[in-house]
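The next block holds one structure in the form of structure tokens; read it before the comments.
A short reminder: the numbers here are calculations on the coordinates, not readings from a lab. Bear in mind the structure is a predicted one, so any value in this text is a computation, not a measurement. Cβ coordinates were reconstructed from backbone atoms using ideal geometry, including for glycine residues, and neighbour counts include every protein chain displayed.
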Amino acid sequence: LGEGPLKGRHVIVTSGPTHEPIDPVRYIANRSSGTQGTAIAGALRDLGAKVTFVTGPASVPPPTGVEVVRVETARQMLSAVEAALPADIAVFAAAVADWRVDNAAGSKMKKDGTGRAPALEFAENPDILATVSKMATGRPALVIGFAAETDDVIANATAKRDRKGCDWIVANDVSPATGIMGGEENAVTLITAAGGEEWPRLPKDEVARRLAARIASVLGADV
Ligand code: C5P
């Protein structure tokens, strides 16, 4: 461990879904297994980076040889990322809930016998990728986001890159027919300042290795 082109580099990787409580026993969440984020953290570790892995409640175990910070909500994820800074590189692979329940109950909600259902109110969660990308001081040199799209993948992901202020976007087509969501393979387009680069459909581990190698090629140790 700790040897390789990313030796001495600190990377923060977010992964998994977030859970936003409705009451102490219920939550809303995103459908994310954490597979791709976990593979990326492992691939960066394999190139010698020191990895802080900030993960929501994922369905796959975290990689070994990384610092694991477990969180539940988007706001906890942002705090954990801020606490882990400074970093040279940040890869935001988590499927963060865009909204949290603003009127979450402190005790378990009960049916009241009238047949009326409770009304949930939502508040917007902080955007972790945009927040870190737009930091005035201490911004990581390379900030990478993901974009799960079903239509106009390159156009939408390019617009997202501009809007959020990150350096690269890993765009993937998650149309149901692709079987990518929850699957073992991914078909991504890497969006950089130079444009879009379509990668072949590959196992998620291989996508992670290619991305880590690409990161090392721009931010690897100066030797
Ligand atoms: O806008 P959208 O959710 O599609 O953007 C996806 C990218 O933004 C991912 O990299 C995701 O991890 C990040 N994101 C975030 N905080 C949010 C929402 C998304 O970091 N609240």
Exercise. ILE144 passes all but one of (1) over 20 Å from PRO17 (Cα atoms); (2) touching a Phe, Trp or Tyr at 6+ places or on another chain (Cβ under 6 Å); which number fails?
Worked result: (1)
Problem set entry | Residue list for the range 3-32, filter: assigned to a loop (DSSP other than H, G, I, E, B) and within 11 Å of the chain's Cα centre (by Cα) | GLY16, THR18, SER32
Problem set entry | Pairs where the first residue, in the range 89-103, is farther than 21 Å from ILE12 by Cβ and the second is more than 8 Å from the ligand (Cβ to nearest atom) and hydroxyl-bearing (Ser, Thr, Tyr), C-beta under 7 Å, 6+ apart | ARG100/THR73
Exercise. If you go through the range 107-123 one residue at a time, how many are more than 18 Å from ASP23 (Cα to Cα) and surrounded by 10 or more Cβ atoms within 10 Å (Cβ to Cβ)?
Worked result: 0
For this session: Considering each residue of the range 48-77, count those that are outside any strand (DSSP E or B), surrounded by fewer than 21 Cβ atoms within 10 Å (Cβ to Cβ) and aliphatic (A, V, I, L, M), and give that number.
Result: 2
For this session: Would you check if LEU142 is surrounded by fewer than 20 Cβ atoms within 10 Å (Cβ to Cβ) and under 25 Å from ALA84 (Cβ atoms)?
Result: yes
Exercise. Counting residues that are under 15 Å from ILE40 (Cβ atoms) and in contact (Cβ under 8 Å) with a residue 24 or more places away in the chain, which strands (runs of 3 or more DSSP E) fully inside the range 144-199 reach at least 2?
Worked result: 168-173
For this session: State the number of residues belonging to the range 82-126 that are part of a loop (DSSP other than H, G, I, E, B), closer than 23 Å to ALA58 by Cβ and either more than 16 Å from the ligand (Cβ to nearest atom) or in contact with a helix residue (DSSP H, G or I) (Cβ under 7 Å, 6 or more places away or on another chain) (or both).
Result: 7
Exercise. With respect to THR73, is the statement that it is touching a strand residue (DSSP E or B) at 6+ places or on another chain (Cβ under 9 Å), of a type in the set (S, T, N, Q) and under 23 Å from ASN172 (Cβ atoms) true?
Worked result: no
For this session: Go through (1) in contact (Cβ under 8 Å) with a residue 60 or more places away in the chain; (2) more than 22 Å from SER79 (Cα to Cα) one by one and return the number of the condition ALA141 breaks.
Result: (2)
Exercise. Mind checking whether some residue in the range 3-11 is in contact with a strand residue (DSSP E or B) (Cβ under 7 Å, 6 or more places away or on another chain) and not basic (Lys, Arg)?
Worked result: yes
For this session: Just name the residue that is farthest from the chain's Cα centre (by Cα) out of those in the range 127-150 that are polar (S, T, N, Q) and within 13 Å of the ligand (Cβ to nearest atom).
Result: THR150
For this session: Give the range 2-23 a look and list any residue that's more than 14 Å from the ligand (Cβ to nearest atom) and at positive phi, or say none.
Result: GLY2, GLY4, GLY8
Seminar exercise, completed: Matching residues in the range 13-35 (among the hydrophobic types (A, V, I, L, M, F, W, C) and under 29 Å from VAL143 (Cα atoms)) number 3
